[in-house]
1. Please tell me if residue B:117 is in the same structural domain as residue B:204 (by TED's automatic domain parsing) and surrounded by fewer than 19 Cβ atoms within 10 Å (Cβ to Cβ).
2. Checking residue A:67 against (1) in contact with a Leu (Cβ under 9 Å, 6 or more places away or on another chain); (2) open to solvent by 10 Å² or more (accessible area, probe 1.4 Å); (3) at pLDDT 90 or above: exactly one of these is not met. Which one?
3. Quick check on this structure: which one of B:94, B:64 is more than 14 Å from ligand 1 (Cβ to nearest atom), open to solvent by 40 Å² or more (accessible area, probe 1.4 Å) and not in a strand (DSSP E or B)?
4. In the set B:180, B:125, B:190, B:162, which member is within 14 Å of chain A (Cβ to nearest Cβ), acidic (Asp, Glu) and surrounded by fewer than 20 Cβ atoms within 10 Å (Cβ to Cβ)?
5. Would a scan of region B:147-157 turn up a residue that is more than 13 Å from chain A (Cβ to nearest Cβ) and surrounded by fewer than 22 Cβ atoms within 10 Å (Cβ to Cβ)?
6. Exactly one condition in (1) within 16 Å of ligand 1 (Cβ to nearest atom); (2) closer than 18 Å to residue B:156 by Cβ; (3) among the acidic types (Asp, Glu) is not met by residue B:40; state its number.
7. For region B:110-122: of the residues being more than 9 Å from chain A (Cβ to nearest Cβ), not in a loop (DSSP other than H, G, I, E, B) and not β-branched (Val, Ile, Thr), which is farthest from residue B:183 (Cα to Cα)?
8. So if I check each of A:174, A:102, A:117, which one is open to solvent by less than 10 Å² (accessible area, probe 1.4 Å), touching a residue at least 24 places away in the same chain (Cβ under 8 Å) and farther than 25 Å from residue A:250 by Cβ?
Amino acid sequence: MKVLSIALNTFRENLRDKLLYNLLVFALLMIGSSLLLMRLTLGEFHRLLLDVGLGSINIFGVLIAIFVGIGLVNKEIEKKTIYTIVSKPVARYQFLVGKYLGLTITLFVNTLIMAGGLLLVLVAQEVPIDGMLFKALGLIFIEFMVITAVALLCSTFTSATLSAIFTLAAYVIGHLTADLKTFGAKMGEGGQMLLNGLYYVLPNLERFNLKGHVIHHLEVSGSDLLLIVAYGLIYVTFLLVSASIIFQRRDFR
Amino acid sequence: MPSSDVVVQIDQLSKVFRVGFWGKRVTAVDQLSLSVRQGEVFGFLGPNGAGKTTTIKMLMGLIYPTSGRASILGHPIGDPASKAKLGFLPESPYFYDYLTSHEFLNFYGHLFGLWGASLDTRVDELLELVGMTHARDLQLRKFSKGMLQRVGIAQALINDPELVVLDEPMSGLDPVGRKEVRDLIFRLKESGKTVMFSSHILHDAELLCDRVAMIMKGKLVACGQVSDLIERGATHEVEMVVDRLSPEGLAQLRLLASKVVLQGERVMVVLASQQSVDEALDVIRAAKAKLVSLTPHKASLEDLFIREVRGGQPAAEVHV
Ligand SMILES: Nc1ncnc2c1ncn2[C@@H]1O[C@H](COP(=O)(O)OP(=O)(O)O)[C@@H](O)[C@H]1O
Ligand SMILES: [Mg+2]
């Protein structure tokens, strides 16, 4: 219950935050205008619409996850609002999980809005819509959850700026993890160990990418989908537990 | 000697901060021991930078002690059982400024597991108590410092706590605001709550407190009942102002006085103790000078405070 009230309060905070609206409006404008511009390339029209549409939703969601996520905890410590929360019968991990869930709710609503925008364009352009599109959107949302948890973890031990850089790096490398192993194989022993380490520690974000499936009308089995979702949620749990352990030891000064 | 009527027990508490690139050690609180008893108003005094906020933050579980320990209401600090019966107002508080005072207090009520109609009435009562009913639906970002302090006090009372800890509750307020906070603290005491508050303004403490502790550079320098500490700090000085004093009279007074100030015809003399007042009066009469005024210096906590600041040496603790 306490976690839920903190989550709802965080959601309310986000709703009253101008930054978020700016990002969201910007995202919708970008998605809309780039899709309209592409009317020229007739042959590959549908394919591009889906590709760019899903791609922009992904990028903008991640940006929101990072920029709101890094401030979630830091801002509370800087503004000392955390003093009156932690002195109440609320465990630190409850605070952390509450903040995380709050931003997750925000991201969920954002994803719905952006997906709504995409669907409008698709319908207007008479692109056939199948179930795979919704599965892809669902996994994009799971990816947001992972990125938010990374941002939250970083912000429990470092500044907002460094958190943003780390999280962005995790996002980029997370989409290249498959290459890490291949790349590592070509390097010396030290480099190989480092890259292998990164491969196992960083989330493999490409797993959440079903764009190709949507565009080429491929199928994903239900059990595979379940496995991917489970992977995301376990990863999030791992990140939140680590964040809680660090947060528990911290002095708020 | 922890007993059941001790609400806050602090034993040998220390906090060392590491600051700057080289991790220089700053001892903010140094082996502090004291206790706050059930039902009293306890003043935690000291100049800026003495370590008051650091101590309170340790008690609230916001920072961890480097060594030593403390307990609140019989539980070690940070224990949820004690937090449930605790109210806390931080120094120059900031709150979620996108919330209205009503939303804010409701949210904090939820954190104590309070919901529904009983919470609604509680919130309205508290807004009434701190005189903020008119600002019920105003966002905190539009609040003045004094208004923030008031909702800050309201949030500290949302759970009807047994112990209320206030960090500099009167700083930054105008005289009317300070008086209101004082009245509020009195009312809390009357309703049986224990209040611990910090201040660097001794006058407030003198009016309010049953007992006070004075700290300096993180160390306890005095602790006890206000009246006893005033007695300790008292100088018993007497100030006399005399007109038309002859040079011989002046020479004789100089022998008795700790300080003499000449202002033309007028002489101001400070006597170190009341014992020399009679002698001085004899001198004045003999010299046929005119006594303008005779003022015993009223002792206050300020005297002890200033003496401790100047002396810099921690005094032995007075146990009362
Ligand atoms: N976060 C911090 N980091 C480093 N030093 C600190 C910190 N907070 C307080 N201090 C130092 O600890 C001492 C006590 O500060 P504080 O507890 O705020 O005093 P007070 O509340 O009595 O004015 C000061 O010397 C201050 O500089
Ligand atoms: Mg202070």
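1. no
2. (3)
3. That would be B:94, the only listed residue that is more than 14 Å from ligand 1 (Cβ to nearest atom), open to solvent by 40 Å² or more (accessible area, probe 1.4 Å) and not in a strand (DSSP E or B).
4. From the options B:180, B:125, B:190, B:162, the qualifying one is B:162.
5. Within region B:147-157, one or more residues are more than 13 Å from chain A (Cβ to nearest Cβ) and surrounded by fewer than 22 Cβ atoms within 10 Å (Cβ to Cβ).
6. Every listed condition holds for residue B:40 apart from (1).
7. Top of the filtered list is B:116.
8. Being open to solvent by less than 10 Å² (accessible area, probe 1.4 Å), touching a residue at least 24 places away in the same chain (Cβ under 8 Å) and farther than 25 Å from residue A:250 by Cβ holds for just one of A:174, A:102, A:117, which is A:174.
The values are calculated or read from the model by the stated rules, or taken from the named source; none is laboratory data. Since this is a predicted model, take the numbers as computed values, not measurements. Because the Cβ atoms are built from the backbone with ideal geometry, glycine has one as well, and the counts that use them run over all protein chains shown. Note: accessible area is taken over every heavy atom of the protein model, side chains too, but ligands, DNA and RNA are not part of it. Shrake-Rupley method; radii C 1.70, N 1.55, O 1.52, S 1.80 Å.
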